[in-house]
Amino acid sequence: MKQKLDIETLMAHYAEDRAAYHGAVVPPIFQNSLFTFESWDAIDKAFDDRVNSYIYSRGGNPSVNMAEAKIAKIAGGERAKLFGSGMAAISAALLHFLAPGDHVITVKSIYGPANNLLNDYLRRKMNIQTTYVAGTEVDEFEAAITEKTKVIYLESPSSAIFSLQDIKAITQFAKSRKIHTIIDNTWATPIFQKPLNMGVDLEVHSCSKYLGGHSDVVAGVVIGNEKDIAEITVNEYEILGGKMAPFEAWLIMRSLRTLPIRMRTHQENAMKVARFLESHPKVRQVKYPGLESFPQYALGKKQMSGYSGLMSFELDTDNLKTIKHFFNSLKIFQIGVSWGGHESLIYAPAISYLKELPEEQFKDMGISLGNMRLSIGLESSDDLIRDLKEALSTT
Ligand SMILES: *Cc1c(COP(=O)(O)O)cnc(C)c1O
């Protein structure tokens, strides 16, 4: 047998101790709040190593730990900690490195609620200052550094406009300046991008997207080295209490078994849809890192081994009535936020952004009224393309 097992095999079997639960091929759900001990000394010893002991499920739980072990394995990290949501994971990662008065550098296209956390909540509560850069050039980060810069927070590709950051170059230079790096890797998943191998300190995901993949779980994860994750476990996880539920961890473990095969199909379907849209006369532009026409195609090719299923395109009209008509005409694509599930979705950023941002700032992001965001699911690509073709023909 070869020394290293492939990811598909590991996701099927890694971290599962079937002999310990009667050989059941799927592990039971450890749906318990606490763990009992045989003696004073036994529970006393458990407290001495609380990160690796089961005492109370706000700290550790076997169902949660099993899923964490699999996630750490695919991401190439030493350890992972699951949280009750992606935002709980992002908050924990940032708070782990930050102290009052620190400075953060991030990208303008950062996920909205993460932006609110930095630019509003942490600014008000902890006097954390944040500088925003486009992020396409390493120099921009360098120029934004102050003596208080503690964290560079990346999101590559960004889930709003899919722009990339040069992960290797940025982490290399951050390390030389003793600045920590965090990346939101939700778009690419650990199947297609391994930021920890490129020198990033902490990788975060919303597991509500591809890692969960079935649109039935809200969860998040932080992955990193043993020391950082152990500290996050006894601090941000246990004290702030945004814990992961055993049942939801069990659902994620179910999802991880099919993550490699799902990502292959998301990629295949998304490439076909992107090429179809790119060739359609009623489409102005398609934004998808897998297309050769994508401005940062070369960088994507260098640091990712594939592309997931989230993209956007711009209808060749600014007429709201026509845009709404197209949007409402789709039959297979469902209307909804979020992404990364088995089902294909459409959403128009204008719907929520225009409620939160002045129109100027909205346009500044390079997003127009006719910008349509698609999450390409696991349905037949022929059916998806036909659905889009028919809706486009009515505009
Ligand atoms: C959804 C999302 C999050 C937040 O995750 P939740 O599980 O909804 O809290 C963070 N980052 C990105 C890129 C996302 O799309």
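Read-outs: derived from the displayed coordinates by stated rules, not from any lab. Nothing here was measured: the structure is a model prediction, and the numbers come from that model. Note: ideal-geometry Cβ built from the backbone for every residue, glycine included; neighbour counts use all protein chains shown.
Tilt of helix 381-393 relative to the longest C-alpha principal axis of the chain, in degrees (0 to 90, nearest 10)?
40
Report, in whole Å, the centroid distance computed from the Cα atoms of region 299-345 and region 139-172.
26
Which of the lysines could be linked to Lys70 by a straight reach, that is with a Cα gap under 16 Å, when you skip same-chain ones fewer than 8 residues away?
Straight-distance partners of Lys70: Lys4, Lys81, Lys194.
Using only alpha carbon pairs under 8 Å that are at least six residues apart, calculate the relative contact order of the chain and give it in whole percent.
Answer for the chain is 16 percent.
Pull up the cross-link candidates among the lysines for Lys324, meaning alpha carbon to alpha carbon under 28 Å and not fewer than 8 places away within one chain.
The qualifying lysines are Lys108, Lys209, Lys272, Lys282, Lys287, Lys355, Lys363, Lys389.
So what is the 222 nm mean residue ellipticity for the chain from helices alone, if each DSSP H run of at least 4 adds -39500 (n - 2.57) and you divide by all residues, rounding to the nearest 500 deg cm²/dmol?
-11500 deg cm²/dmol
Which residue, chosen from Ala93, Phe327, Gln165, occupies the Cα position most advanced towards the positive end of the dipole of the chain, where the dipole is computed from +1 (Lys, Arg) and -1 (Asp, Glu) charges on Cβ about the Cα centre?
Farthest towards the positive pole: Phe327.
If you find the alpha carbon centre of region 63-106 and of region 193-224, how far apart are they in angstrom?
8
Please compute the net charge surrounding His342, taking Lys and Arg as +1 and Asp and Glu as -1 over other residues with Cβ under 12 Å from its Cβ.
So the surrounding residues net to -1.
About the Cα centre, and with charges only on the beta carbon of Lys, Arg (+1) and Asp, Glu (-1), how big is the dipole of the chain? Nearest 20 debye, please.
With only Lys, Arg, Asp and Glu charged at Cβ, the dipole is about 500 debye.
Take the Cα atoms of the chain, find their three principal axes, and give me the spread along each one in whole Å, biggest first.
Rounded to whole Å, the extents work out to 73, 53, 42 Å.
Share of antiparallel DSSP beta bridges in region 7-256, in percent to the nearest 5?
Counting only bridges with both partners in region 7-256, antiparallel ones make up about 35 percent.
Per the Cauchy relation, a quarter of the hull surface: what is the mean projected area of the convex hull of the alpha carbons in region 179-280, in nm²?
8.4
Report, ordered by chain and residue number, the aspartates and glutamates lying within cross-link reach of Lys73, taken as a straight Cα distance under 12 Å and ignoring same-chain residues fewer than 8 apart.
The qualifying aspartates and glutamates are Asp6, Glu8.
Tell me the net charge near Asp41. Cut-off is 15 Å between Cβ atoms, Asp41 excluded, with +1 for each Lys or Arg and -1 for each Asp or Glu.
It works out to a net charge of -3.
Assign unit charges at the C-beta atoms only (+1 for Lys and Arg, -1 for Asp and Glu), then state the dipole size of region 259-393 relative to its Cα centre in Debye, rounded to the nearest 20.
That gives a dipole near 220 debye.
About its Cα centre, what dipole magnitude does region 76-172 give when the only charges are +1 on Lys and Arg Cβ and -1 on Asp and Glu Cβ, stated in debye to the nearest 20?
Dipole about the Cα centre, nearest 20: 480 debye.
Between Thr146 and Val26, what FRET efficiency comes out of the Förster formula 1/(1 + (r/R0)^6) with R0 = 30 Å and r the beta carbon distance, rounded to 0.05?
Calculated value: 0.05.
Multiplying the sequence separation of Glu38 and Asn328 by 0.36 nm and subtracting their Cα-Cα distance, what value in nm do you get?
Length gained, Glu38 through Asn328: 98.2 nm.
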